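Please find one structure pasted underneath; my questions will follow.
The values are calculated or read from the model by the stated rules, or taken from the named source; none is laboratory data. Please read these numbers as outputs of a predicted model, since none were measured by experiment. Note that we place each Cβ from the backbone using ideal geometry, even for glycine, and neighbour counts take in every protein chain shown. Just so you know, the surface numbers come from the protein's heavy atoms only, side chains and all, with ligands and any DNA or RNA stripped out. Shrake-Rupley method; radii C 1.70, N 1.55, O 1.52, S 1.80 Å.
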Amino acid sequence: MSEEGPFVAAGDDDALRWPDSADLLKHLRFWPRDGRITLGDERMVLVHVGALAALRRELIAALGVTRARAVLTRMGYVSGQRDGEYARRVRGTASYYELFSAGPQLHALEGMVSVRPLEVQFDIERGHYRGEFAWRSSAEVEAHLDSEGRAAEPVCWTLIGYASGFTTVFMGRPIVYREVACRACGARHCRIVGRPLGDGPVPPEFEFLATHPNPAPSAGGTAPAATRDDGPVLGSATGLRAAWALVERVAGSELPVLLEGEAGVGKRHLARAVHDRSRRAAGPFVVVRAGALDRPGLDDALARARGGSLLLADLDRLTPDLQDRLLHAFDAGDCDLRWLASTRLDLRRGGPVRDELVQRLGAFPIWLPPLRERREDIPLLLGRFLDQQARALGRRLGGVTEAANNALLDHDYPGNVRELWGRVARAAVLVGDDEPIDRGHLFGGDEAPPARLELAPAGILQPIGSAVDGAAPGVDDLIDALLDRRAGIEALEQALIRGAVARAGGNLAAAARLLGLTRPQLAYRFRKTDG
Ligand SMILES: Nc1ncnc2c1ncn2[C@@H]1O[C@H](COP(=O)(O)OP(=O)(O)OP(=O)(O)O)[C@@H](O)[C@H]1O
C-alpha cells in the first residue's frame with residue numbers, strides 16, 4: 001500500500017506545505033432556509049465559543065477536571081475520526097501527505113485552530129508516526145480563559161482529541177497527542193506532539209481507546225476512497241439515522257410497524273429492511289396498495305404473506321369495509337405474518353382510519369423525513385442511482401457537472417427520493433456517451449431559486465453561483481487570453497474603467513456599480529486614467 005514509502009519532513013521543508021483546501025471547502029454548504037450546514041454528508045453546527053466556555057465550566061464543576069477533560073477529549077476524538085473519514089472520501093486518491101493535511105486544514109476550516117507543522121514522520125506500513133505541530137489561535141484556549149482564567153496545565157483537550165482521532169484514522173492504529181506547551185499557561189503558542197499509543201500506561205483522557213476497535217488503515221495513494229453508502233438503506237448513516245436506529249430495534253420483534261412520511265420518501269424501502277432483518281426474512285414480503293384493494297384481494301394478500309411480512313401501503317386509503325375485515329383478522333389472531341403499513345397522513349390526528357386499527361398497526365411508528373430535510377443524503381443517493389442506471393443501460397456515464405450537482409442539491413423534491421431517481425433515470429437516457437450529466441438533462445428549463453449559500457473566496461457567504469472567482473465559467477479562459485497577450489495590470493485597469501464608463505454612458509455612479517467600486521474610488525482612478 002505504501003508505494004510512497006516513509007514520509008519524513010521537518011522545519012521549513014517545502015514538503016510540509018499544506019495543499020490547496022478548495023477540494024475540502026467545496027463540500028461545506030450552508031442551507032439557511034432549512035436550518036442546516038453540511039460538510040460532505042455530515043451535518044455540522046456553528047457553536048459560540050462562549051457556549052463552549054459555559055459547557056466546560058459546567059463539566060468541570062460537575063465531574064472534576066480529570067473527567068471533564070476525558071469527556072472533551074472524547075468529543076474531539078469523534079470529530080477527528082469523522083473528518084478522517086471525510087478526508088478519505090475527498091482525498092482518497094491523493095498522496096498520503098495530502099490526505100494527512102486534510103486534518104489540520106479541516107480543523108482550521110471549522111474555526112478551531114490554525115496549525116503549522118514542525119515535524120512530520122510516518123510510515124503507515126510499519127505503524128511508525130511522529131508529528132509535532134504549533135497551534136495558533138486555539139478556540140479552546142479562548143473558551144478556557146473565558147471560563148476558568150489562566151491555567152497551570154495545558155487546556156486544549158478537545159483539540160488534542162481531534163488530532164488523535166484524525167491521525168488514528170489516517171494511520172489505522174491509535175495515535176495520541178500530548179500538548180507540551182499551551183498559550184493558556186503563558187506560552188507564545190500551543191505545541192503538540194503525537195506518537196502511537198505504546199505499551200505503557202494509557203493517559204486517563206484516552207482510556208476509551210482501550211475498548212475502541214482499531215480503524216482500518218488509511219486509503220491513500222491510488223486506493224479508492226472509502227464510502228459509507230454501502231449499507232442496506234442509503235442514508236442510514238446520515239439523514240435516515242434516527243429512522244434506521246428504530247428499524248434495528250424493532251426488526252427482531254413481531255410488533256407491527258407503521259412507516260410514515262411523504263410520497264416517495266422510502267417507506268416501502270424501509271419496510272423491506274424491517275422484513276429482511278426479521279425472523280421472517282426467509283418468508284415472502286408482500287406489498288399491497290390499500291387504495292386498490294377489494295375484499296378478495298385482501299384475503300389473497302393475507303394468504304400470500306403467510307410466514308413472511310405484509311406491507312399495507314397507503315393505509316389511509318383503506319375502505320371502511322376492509323378496515324373491519326382487517327380488525328377481524330387481527331382479533332382472530334390466525335394470520336401467521338408480520339404486519340407492516342405505510343401512510344402519508346398522520347393517522348393519530350384522526351382521519352379516515354378507525355382508531356382501533358391505528359392503535360394496532362401503529363404500535364411502532366417510524367417517521368421518514370422528506371429529502372429536502374436531509375439533503376446530505378443527496379450525494380449518496382445520486383451515486384447509487386447513477387451506478388444503477390449505468391448497469392441497467394449497459395453504458396458508461398460521465399458523472400455530473402458542477403452546475404448539475406448544485407441544482408440537485410438546491411432542489412426541494414416534492415416527490416422525494418422517487419423524484420430524484422426519476423430525474424437521474426431520465427438524464428441517464430438523454431446524456432451522450434461519456435458526456436457529463438448537466439442541469440438541463442435533469443431539470444429541463446425549470447430553474448429553482450438557490451436554497452444554499454456558498455463560501456466566496458473572501459470568506460463571505462453568498463447565494464450559490466453569484467461568486468465571480470477563478471472557478472466562474474469563462475473566467476479562467478479570459479485570464480489565459482489576457483496573460484497570453486501579456487497585458488499589464490495598469491493597462492488592464494484603465495481599459496476596464498474606460499469600458500465601464502462607456503457602457504454606463506458616462507454616468508460614473510453606474511460605472512462604479514459595474515466595477516464593484518464606490519463612486520469616489522472610481523472618480524479617483526478615472527482621473528488617473530485621464531491623466
Ligand atoms: N434510502 C433509499 N436508498 C435507496 N433508494 C431509495 C431510498 N429511499 C427510497 N428509495 C427509492 O426511491 C423510490 C421510492 O421509494 P419508496 O417506494 O420506498 O417510497 P414510499 O415512501 O413507499 O412511496 P409512496 O408513499 O409513494 O408509497 C424507490 O425506487 C426506492 O427504491
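Mind checking whether some residue in the range 370-381 is more than 32 Å from the chain's Cα centre (by Cα) and basic (Lys, Arg)? Let's see the steps before the verdict.
Here is the first cut: in the range 370-381, the residues more than 32 Å from the chain's Cα centre (by Cα) are none.
Checking the range 370-381: not a single residue is more than 32 Å from the chain's Cα centre (by Cα) and basic (Lys, Arg).
For the range 91-107, how many residues are within 18 Å of the chain's Cα centre (by Cα) and surrounded by fewer than 20 Cβ atoms within 10 Å (Cβ to Cβ)?
Of the residues in the range 91-107, 1 are within 18 Å of the chain's Cα centre (by Cα) and surrounded by fewer than 20 Cβ atoms within 10 Å (Cβ to Cβ).
Write out, first by first residue and then by second, each pair whose Cβ atoms fall under 8 Å of each other, whose residues are 6+ apart or on separate chains, and whose first residue, in the range 63-82, is surrounded by fewer than 19 Cβ atoms within 10 Å (Cβ to Cβ) while the second is in a helix (DSSP H, G or I) and not hydrophobic (A, V, I, L, M, F, W, C).
Thr66/Pro204; Thr66/Glu205; Met75/Thr158; Met75/Gly161; Val78/Gly161; Val78/Gly165
Also, quick follow-up: Would you be able to say whether some residue in the range 276-297 is open to solvent by 10 Å² or more (accessible area, probe 1.4 Å), assigned by TED's automatic domain parsing to the domain that holds Val250 and touching a Phe, Trp or Tyr at 6+ places or on another chain (Cβ under 9 Å)?
The answer is yes; a qualifying residue exists.
Within the range 113-163, can you find the residues that are at positive phi and more than 27 Å from the chain's Cα centre (by Cα)?
Matches in the range 113-163: Gly127, Gly149.
Specify which of the listed residues (Arg344, Arg360) is more than 17 Å from Phe285 (Cα to Cα), assigned by TED's automatic domain parsing to the domain that holds Arg268, within 16 Å of the ligand (Cβ to nearest atom) and open to solvent by 20 Å² or more (accessible area, probe 1.4 Å). Give the steps one after another, and end with the answer.
Numbers: Arg360 fails: within 16 Å of the ligand (Cβ to nearest atom).
Result: Arg344 is the single residue among Arg344, Arg360 that is more than 17 Å from Phe285 (Cα to Cα), assigned by TED's automatic domain parsing to the domain that holds Arg268, within 16 Å of the ligand (Cβ to nearest atom) and open to solvent by 20 Å² or more (accessible area, probe 1.4 Å).
What's the total number of residues in the range 1-49 that are part of a strand (DSSP E or B) and out of contact with any Leu (no Cβ under 6 Å at 6 or more places or on another chain)? Don't jump to the end; show me each part of the working.
Within the range 1-49, the first condition is being part of a strand (DSSP E or B), and the residues that meet it are 7-10, 28-31, 36-39, 42-44.
Still in the list and also out of contact with any Leu (no Cβ under 6 Å at 6 or more places or on another chain): 7-8, 10, 29, 31, 36-38, 42-44.
Adding up the residues that qualify gives 11.
Follow-up question, since we're still on this one. What residue, of Gly445, Gly432, is part of a loop (DSSP other than H, G, I, E, B), out of contact with any Gly (no Cβ under 8 Å at 6 or more places or on another chain) and at pLDDT 75 or above?
Values: Gly445 fails: at pLDDT 75 or above.
Being part of a loop (DSSP other than H, G, I, E, B), out of contact with any Gly (no Cβ under 8 Å at 6 or more places or on another chain) and at pLDDT 75 or above holds for just one of Gly445, Gly432, which is Gly432.
Name the residue that is farthest from Gly50 (Cα to Cα), counting only residues in the range 152-169 that are without any contact (Cβ under 8 Å) to a residue 60 or more places away in the chain and crowded, with 17+ Cβ neighbours inside 10 Å. Walk me through it before giving the result.
To start, the set of residues in the range 152-169 that are without any contact (Cβ under 8 Å) to a residue 60 or more places away in the chain comprises 152-156.
Still in the running and crowded, with 17+ Cβ neighbours inside 10 Å: 154-156.
Details: Pro154: 19, Val155: 16, Cys156: 15 Å.
The selected residue is Pro154.
Criterion first (modelled with pLDDT of 90 or more and among the small types (Gly, Ala, Ser)) does Ala102 satisfy it? Full working, then the answer.
Values: modelled with pLDDT of 90 or more: yes; among the small types (Gly, Ala, Ser): yes.
Here the answer is yes, as Ala102 does meet what is asked.
Exactly one condition in (1) within 14 Å of Asp299 (Cβ to Cβ); (2) surrounded by 15 or more Cβ atoms within 10 Å (Cβ to Cβ); (3) charged (D, E, K, R) is false for Arg354; which is it?
For Arg354, the exception is condition (1).
Exactly one of these conditions fails for Leu496: (1) open to solvent by less than 60 Å² (accessible area, probe 1.4 Å); (2) assigned to a helix (DSSP H, G or I). Give me its number.
(1)
Are any residues in the range 248-269 under 18 Å from Val286 (Cα atoms), within 14 Å of the ligand (Cβ to nearest atom) and not charged (D, E, K, R), and if so, which ones?
If the condition is that a residue be under 18 Å from Val286 (Cα atoms), within 14 Å of the ligand (Cβ to nearest atom) and not charged (D, E, K, R), then Val257, Leu258, Leu259, Gly266, His269 are the ones that fit.
Here is a further query. Gly40 - would you say it is crowded, with 16+ Cβ neighbours inside 10 Å, under 14 Å from the mean Cα position of the chain (by Cα) and under 24 Å from Asp377 (Cβ atoms)?
Details: crowded, with 16+ Cβ neighbours inside 10 Å: yes; under 14 Å from the mean Cα position of the chain (by Cα): yes; under 24 Å from Asp377 (Cβ atoms): yes.
When the stated conditions are applied, Gly40 passes them.
Can you tell me which residue is farthest from Gly40 (Cα to Cα) among those in the range 363-375 that are within 16 Å of the ligand (Cβ to nearest atom) and open to solvent by 10 Å² or more (accessible area, probe 1.4 Å)? Steps first, answer last, please.
We begin by selecting, within the range 363-375, every residue within 16 Å of the ligand (Cβ to nearest atom); these are 365-375.
Those left that are additionally open to solvent by 10 Å² or more (accessible area, probe 1.4 Å): 365, 367, 369, 372-373.
Values: Pro365: 30, Trp367: 24, Pro369: 19, Arg372: 16, Glu373: 15 Å.
Once the filter is applied, the top-ranked residue is Pro365.
I'd like the residue in the range 400-417 that is of a type outside the set (Ser, Thr, Tyr) and under 30 Å from Val257 (Cα atoms) and, out of all such residues, is most open to solvent (accessible area, probe 1.4 Å).
Here the residue is Pro414.
A follow-up question, please. Would you confirm, using the coordinates I've provided, whether Leu234 is outside any helix (DSSP H, G or I), outside the structural domain of Pro365 (by TED's automatic domain parsing) and touching a Lys or Arg at 6+ places or on another chain (Cβ under 7 Å)? Write out each step before concluding.
Working: outside any helix (DSSP H, G or I): yes; outside the structural domain of Pro365 (by TED's automatic domain parsing): yes; touching a Lys or Arg at 6+ places or on another chain (Cβ under 7 Å): yes.
Here the answer is yes, as Leu234 does meet what is asked.
If I ask for residues that are over 15 Å from Gly264 (Cβ atoms) and either open to solvent by less than 30 Å² (accessible area, probe 1.4 Å) or touching a residue at least 60 places away in the same chain (Cβ under 8 Å) (or both), which ones from the range 376-399 would you list? Give the steps one after another, and end with the answer.
Filtering the range 376-399 for residues over 15 Å from Gly264 (Cβ atoms) gives 376, 379-380, 382-384, 386-399.
Listed by number, the residues that qualify are Glu376, Pro379, Leu380, Leu382, Gly383, Arg384, Leu386, Gln389, Ala390, Gly399.
Separate question: Output the number of residues of the range 120-138 satisfying the condition of being in contact with a Leu (Cβ under 8 Å, 6 or more places away or on another chain) and open to solvent by 10 Å² or more (accessible area, probe 1.4 Å).
1
Filter the range 270-282 down to residues that are in a helix (DSSP H, G or I) and in contact with a helix residue (DSSP H, G or I) (Cβ under 8 Å, 6 or more places away or on another chain) and give me whichever is farthest from the ligand (Cβ to nearest atom). If you could, list the steps in order and put the result at the bottom.
Going residue by residue through the range 270-282, those that are in a helix (DSSP H, G or I) are 270-276.
Okay, now just the ones that are also in contact with a helix residue (DSSP H, G or I) (Cβ under 8 Å, 6 or more places away or on another chain), so 270, 273-274.
Numbers: Leu270: 7, Ala273: 9, Val274: 12 Å.
Here the residue is Val274.
Next up: Hey, could you check the range 298-327 for residues that are more than 16 Å from the ligand (Cβ to nearest atom), in contact with a helix residue (DSSP H, G or I) (Cβ under 8 Å, 6 or more places away or on another chain) and under 18 Å from Val358 (Cα atoms) and say which is most open to solvent (accessible area, probe 1.4 Å)?
So the residue we want is Asp321.
In addition: Kindly establish whether Thr238 is open to solvent by less than 20 Å² (accessible area, probe 1.4 Å), within 32 Å of the chain's Cα centre (by Cα), modelled with pLDDT under 90 and within 16 Å of the ligand (Cβ to nearest atom).
Details: open to solvent by less than 20 Å² (accessible area, probe 1.4 Å): yes; within 32 Å of the chain's Cα centre (by Cα): yes; modelled with pLDDT under 90: yes; within 16 Å of the ligand (Cβ to nearest atom): yes.
Against the criterion (open to solvent by less than 20 Å² (accessible area, probe 1.4 Å), within 32 Å of the chain's Cα centre (by Cα), modelled with pLDDT under 90 and within 16 Å of the ligand (Cβ to nearest atom)), Thr238 qualifies.
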